[in-house]
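Worksheet: the structure to be examined is printed underneath.
The values are calculated or read from the model by the stated rules, or taken from the named source; none is laboratory data. Worth saying up front: this structure is predicted, and the values here are computed from it rather than measured. Please note: Cβ atoms are built from the backbone with ideal geometry, for glycine as well, and neighbour counts cover all protein chains shown. In case anyone asks, the SASA skips ligands and DNA or RNA and just uses the protein heavy atoms, side chains included. Shrake-Rupley method; radii C 1.70, N 1.55, O 1.52, S 1.80 Å.
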Amino acid sequence: APSKLQRPSGDRVKTDAKDAVHLARLLRLDEIVAVSVPSVEQEAARDLVRAREDARGDLMRARHRLSKLLLRQGYVYSGGQAWTGAHDLWLRRTGARLATAATRATFESDYDAVLSVKARRDRLDVLIEQMAADCQFTPVLRRLGCLRGIGTLTGFALAVEVGDWDRFTGKTIGSFIGLVPSEYSSGQSRVQGSITKTGNAHLRRLLVEAAWHHRPRYVVGKTMRDRWELASPAARARGDEGNRRLHHRWNTMRTRHKRHVVATVAIARELAGWCWSLAVLDQ
């Protein structure tokens, strides 16, 4: 991003034209390498993926508003996992039992918002599934699907957001997404802090969520076999190797009593490298 690049302290003018010239000059001087001009199709796919991400966030906020409204009225669901069919029936019965007409009207408004946003998210899911089945990103998506936690939605988002994977290596992809630790070292002193959180926050969230899938015991089930059928033998072998490696890393960190959040970020950083190796794999 142009805002992350070094600029003269007295430069108080920022325009798109100046940013473009600044990027071009730094690229000519070999000061930056992670530059890629997206195609029209890639930009359209990014818009679709980001619209789905916005819908996911809107749905989470709508559900929070509804559940906290009921919590203020003293109603807490205890019948199992929330936002299932059984939970939906409980919501309808509970909404009818609210004390005042104003509270019931508020409940109906929040409940309608949940249903509306959920329907919008589901429509976007269908559109992404259709686009991912036959486009320029389909080969990369099928190779990424050989890893646990990388389904159609996650793989498609990784493919369209990164775009040109050849810009990176297995070591630099993590820093591009912001999954490497910050550091302030001098002389004999070395101080590492939390991750940098630079780059694309959407990709970072997807990789961290995918990293949790490598915690359980590694078993090649039907879903994984179905994904492997769409990929080449080399991609299947590479994905199987990555799945075993990442699960082993989880076990190692559990043995060392690492906090789960720290272990997850470490697995996500290595998972980014495995995704890169599959994306650039020659068929």
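Taking only protein heavy atoms into account and a 1.4 Å probe, give the accessible area per residue of the chain in Å².
Counting only protein heavy atoms, the per-residue value for the chain is 59 Å².
Go from 0 up to the bin containing the longest alpha carbon distance in segment 28-104, width 10 Å each, and give me the % of pairs per bin.
Each 10 Å bin holds this share of Cα pairs: 14, 29, 19, 14, 13, 8, 3.
If I take every Cα pair under 8 Å that is 6 or more residues apart in the chain, average their sequence separation and divide by the length, what percent do I get for the relative contact order?
Computed value for the chain: 19 percent relative contact order.
What whole number of Å gives the distance from the Cα centroid of segment 203-262 to the Cα centroid of segment 65-91?
Each part's Cα centre sits 33 Å from the other's.
Please turn the phi angles of segment 103-109 into ³J(HN,Hα) values with the Karplus equation 6.51 cos²θ - 1.76 cosθ + 1.60 (θ = phi - 60°), one per residue in order, whole Hz, x for glycine and proline.
5, 5, 5, 5, 4, 4, 5
When the Karplus curve 6.51 cos²θ - 1.76 cosθ + 1.60 is applied with θ = phi - 60°, which whole-Hz ³J(HN,Hα) does each residue of segment 82-95 get, with x for Gly and Pro?
Ordered by residue, 3J(HN,Hα) equals 7, 6, 10, x, 5, 5, 5, 5, 5, 4, 5, 5, 5, x Hz.
Can you sort K14, K4 by 1.4 Å-probe accessible area, starting with the largest?
Order by accessible area, largest first: K4, K14.
So what's the angle, to the nearest 10 degrees on a 0 to 90 scale, between helix 260-279 and the longest Cα principal axis of the chain?
With both axes taken from Cα atoms, the answer is about 60 degrees.
Starting from the Cα of K258, draw a straight line to each of the lysines and keep only those under 24 Å, dropping any in the same chain fewer than 8 residues away.
K171, K197
Taking one equal scatterer on every alpha-carbon of segment 231-283, how large is log10 of I(q)/I(0) by Debye at q = 0.15, 0.27, 0.29, 0.30 1/Å?
Here log10 of I(q) over I(0) equals -0.45, -0.99, -1.08, -1.12.
Once you've got the GNM for the chain with C-alpha springs shorter than 10 Å, pick whichever of R215, R65, R104 has the biggest mean-square fluctuation.
Fluctuation is largest for R104.
So if I restrict to the alpha-carbon atoms in segment 65-146, what is the Rg, and what is Dmax, the biggest pairwise distance, in Å?
Rg then Dmax for segment 65-146, in Å: 18.6, 56.
If you line up the long axis of helix 16-28 against the longest principal axis of the chain, both from Cα atoms, how many degrees apart are they, to the nearest 10?
On a 0 to 90 degree scale, this one is about 40.
Determine ³J(HN,Hα), in whole Hz, for all residues of segment 129-143 in sequence, where each value follows from phi through the Karplus function 6.51 cos²θ - 1.76 cosθ + 1.60 and θ = phi - 60°; x replaces Gly and Pro.
Per residue, the Karplus-derived 3J(HN,Hα) values read 4, 5, 5, 5, 6, 7, 7, 5, 8, 4, x, 5, 4, 5, 6 Hz.
Could you give me the percent of Cα pairs per 10 Å distance bin for segment 157-244, shortest bin first, beginning at zero and ending with the bin that holds the maximum distance?
13, 34, 34, 14, 4, 0
If amide hydrogens are placed 1.01 Å from N in the peptide plane, which non-local residues have theirs closer than 5 Å to the one on I195?
Here the answer is S182, since their amide H atoms fall under 5 Å of that of I195.
From the P(r) of segment 63-113, could you give the percentage of C-alpha pairs in the tail past 13 Å?
Cα-Cα pairs in segment 63-113 separated by more than 13 Å: 54 percent.
Can you tell me the order of 168-181, 45-58 when each peptide is scored by its average per-residue count of other Cβ atoms within 10 angstrom, highest first?
168-181, 45-58
Along the three principal axes, how long is segment 1-132 when you take its alpha carbons, biggest first, rounded to the nearest angstrom?
Between the extreme Cα coordinates on each principal axis of segment 1-132 lie 68, 41, 24 Å.
Relative to the Cα centre, what is the charge dipole magnitude of the chain, using +1 at the beta carbon of each Lys and Arg, -1 at the beta carbon of each Asp and Glu, and rounding to the nearest 20 debye?
Here the size comes out at about 1340 debye.
For mean projected area of the Cα convex hull in nm², pick the label among (i) 21.2; (ii) 22.2; (iii) 15.4 that corresponds to the value derived from the coordinates.
It is the one labelled (i).
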